[in-house]
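Presented below is the structure to which this report refers.
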Amino acid sequence: MDTSPGLPDDVSPGPDDATRTESEGPMRLPLGTAVLVVVLALLAALTAGHFVAAFVGPGASPFLAVGNSVIDLAPSWLVEFGKDVFGTKNKLALLLGIGVALVLIALAAGAVSRRRAAPGIGLIIALGAVGLAAVVTRPELGQLAVTAPIVSFLVGIAVFPWLHRLALETYGPRTVSGTGDAGGAVEVREPRAVTDASRRRFLGSTIGVAAGAGVAGLTGQTFAGPDIQASRADIAPFAPATTAPPIPAGADFAANGTPTLITPNRDFYTIHTALVVPRVPVDEWTLRIHGMVERPITLTYDDLRQRPLVERTLTLACVSNPVGGTLISTANFIGVDLRDLLREAGVKPGAEQLYSTSHDGFTAGTPVDAVMEPDRRAMLALGMNGEPLPVSHGFPVRMIVPGLYGFVSATKWLVDLELTTWKAKQGYWQPRGWAREAPVKTQSRIDGPLGDITAGDVVVAGTAWAPHVGIDAVEVRVDDGPWQRAELSTEVSVDTWRMWRATVRMSPGRNTVTCRATDRTGATQPEVETPVAPDGATGWHSVTFTAQ
């Protein structure tokens, strides 16, 4: 018997293997080889689907479609756990988690596929069915999208048996004629001599599959969807008929650690449910306004551009922002007045919510009464800080209703507005336990000082907000000392955040500074901290500083 050093240890014959007959099946593949075969087959299948998805819709990639389905089906507590632990990287963490799960499945499938290919084929069939179901149930995908999971399945079901057969022919046993105990002829399985030629053939095949998967995945990523940046670049500069008032001097205390009043686009927070950001060229975009209206309207991007454009400085806040959190930003938005559009459509009596739908299927319900308030300044935004909306912020068009949390008012990649009742439809987050109507709660936070602190008089600074209501006062205290009123920055409008600063005395050692805000209605933010669900966090923000 050949005991060549090239033979893997775990295919050496055991007590039973030396007399194993053809009918009993072959000896096992090395575990590492069996797992490698499964992993490469999965990789080839997934990247093939990703490649096809580049041409039928990026969301049709089975891997991404499954990820989107996980987001949609996950209970709200799990979604919030992901946000708390991973913050804005929660989607990346989800994709990595799915990848780890696939590797673990591959380990298990490899372990049970060491003798025969059937268990691995069963895995390919099961995962193919999951991917197909995920794509078919995505509301934003067209009929051609099913080609991506179908191609993915066909590649997987072809590559796995082929690689498994090559592995058996390289590292598996061979059948030889022998003599049994009774002197009769028998066929015996014995380890195969691993030759350089067979090893090179298997290694070359695995490298070829891996390289092909890499090319398919990279190509699919490169050509996924239309060239949106080119579409953005083709948009002519905006010329608002009504510009936002100039930012007054003293509108922020950035020198003391607060943000600037206007948040640069690259720093503006972004929260959405999409794993793949929708890419909608302006020449393919339309908006339908329908439902409980007298005159349904369909608008193109050019239709909006030809209307009088307005520029408004607005602060947006995310309901997932915890006490002291940073999921709040301010920008100069350019667009059209939403109230004017709805008046042209003619809102019928009894319409209670403006049901907005994103290109990726996300939905939100906004109170009609709020949108139609003359001074609410709700708008459909096309531009942000002087340029077309960034893709991650809703290009080509998003909705903004000041004073309401984004999950009920700020739909990105907007494609549909329906006037309806609360009973008729629910937005994406309502069935998941979140509030139906969600005005932004009065909040404040401490942003500075930053760096080392010397005991004595110290300038503490921060941010407060009560969009569409306005901030009237901010107070701070050190430890359990008396509250003292802070200096407020120059107000831009009631729809923007407001900065504050105060000089406090800090003793050597640890000092806990707490802040609280009072809005223009006279209401002071409550002391007790509550979680973000179902309608926004509350509580006083405290930071402990160590003074030298």
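Give the residue that is surrounded by the fewest Cβ atoms within 10 Å (Cβ to Cβ), with candidates limited to residues of region 408-427 that are of a type in the set (A, V, I, L, M) and under 19 Å from I228 (Cα atoms).
Narrowing region 408-427 to residues of a type in the set (A, V, I, L, M): 408, 410, 414-415, 417, 419, 424.
Subset that is under 19 Å from I228 (Cα atoms): 414-415.
Working: L414: 23, V415: 20.
By that ranking, first place goes to V415.
Output the residue which, of all residues in region 295-349 that are in a loop (DSSP other than H, G, I, E, B), among the small types (G, A, S) and crowded, with 19+ Cβ neighbours inside 10 Å, is farthest from the chain's Cα centre (by Cα).
Among residues in region 295-349 that are in a loop (DSSP other than H, G, I, E, B), among the small types (G, A, S) and crowded, with 19+ Cβ neighbours inside 10 Å, the one farthest from the chain's Cα centre (by Cα) is G324.
I'd like to know if region 493-502 contains one or more residues that are within 35 Å of the chain's Cα centre (by Cα), assigned to a strand (DSSP E or B) and of a type in the set (A, V, I, L, M, F, W, C). Yes, region 493-502 has at least one match.
One residue stands out in region 271-294 among those that are among the aliphatic types (A, V, I, L, M) and not in a loop (DSSP other than H, G, I, E, B): the one that is farthest from A410 (Cα to Cα), namely V293. When the test is whether a residue is surrounded by 21 or more Cβ atoms within 10 Å (Cβ to Cβ), out of contact with any Cys (no Cβ under 8 Å at 6 or more places or on another chain), of a type in the set (F, W, Y) and touching a residue at least 24 places away in the same chain (Cβ under 8 Å), Y405 does not pass it. Annotation: of all residues in region 521-545 being at positive phi and touching an Asp or Glu at 6+ places or on another chain (Cβ under 8 Å), the one that is surrounded by the most Cβ atoms within 10 Å (Cβ to Cβ) is G539. Of all residues in region 135-162, which are among the hydrophobic types (A, V, I, L, M, F, W, C), assigned to a helix (DSSP H, G or I) and surrounded by fewer than 24 Cβ atoms within 10 Å (Cβ to Cβ)? The answer is V136, L144, A145, V146, I150, V151, F153, L154, I157, A158, V159, W162.
Can you pull out every residue in region 44-76 that is of a type in the set (S, T, Y), more than 18 Å from L141 (Cα to Cα) and crowded, with 19+ Cβ neighbours inside 10 Å?
The initial filter retains those residues of region 44-76 that are of a type in the set (S, T, Y), namely 47, 61, 69, 76.
Going one step further and asking which of them are more than 18 Å from L141 (Cα to Cα), we end up with 47, 76.
Matches in region 44-76: T47 only.
Going by the structure shown, is T463 surrounded by fewer than 22 Cβ atoms within 10 Å (Cβ to Cβ), in contact (Cβ under 8 Å) with a residue 40 or more places away in the chain and of a type in the set (S, T, N, Q)? No, not satisfied.
Only one of the numbered conditions (1) in contact with a strand residue (DSSP E or B) (Cβ under 6 Å, 6 or more places away or on another chain); (2) among the hydroxyl-bearing types (S, T, Y); (3) not in a strand (DSSP E or B) is not met by S542, and that is (3).
Can you tell me which residues in region 205-238 are among the aliphatic types (A, V, I, L, M), surrounded by 14 or more Cβ atoms within 10 Å (Cβ to Cβ) and farther than 16 Å from L64 by Cα? Give the steps one after another, and end with the answer.
Pass one, region 205-238, residues among the aliphatic types (A, V, I, L, M): 207, 209-211, 213, 215-216, 218, 224, 228, 230, 233, 235-236.
From the residues that got through so far, the ones that are surrounded by 14 or more Cβ atoms within 10 Å (Cβ to Cβ) too are 209-210, 213, 216, 224, 228, 235.
Those that are among the aliphatic types (A, V, I, L, M), surrounded by 14 or more Cβ atoms within 10 Å (Cβ to Cβ) and farther than 16 Å from L64 by Cα: V209, A210, A213, I228, I235.
Applying the set (1) within 28 Å of the chain's Cα centre (by Cα); (2) crowded, with 19+ Cβ neighbours inside 10 Å to F268 leaves exactly one unmet item: (2). Can you tell me how many residues within region 112-130 are at pLDDT below 90 and hydrophobic (A, V, I, L, M, F, W, C)? The qualifying residues number 2.
The values are calculated or read from the model by the stated rules, or taken from the named source; none is laboratory data. Predicted model only: the values in this text are computed from it and were never measured. Every residue, glycine among them, receives a Cβ derived from its backbone with ideal geometry; neighbour counts consider all protein chains shown.
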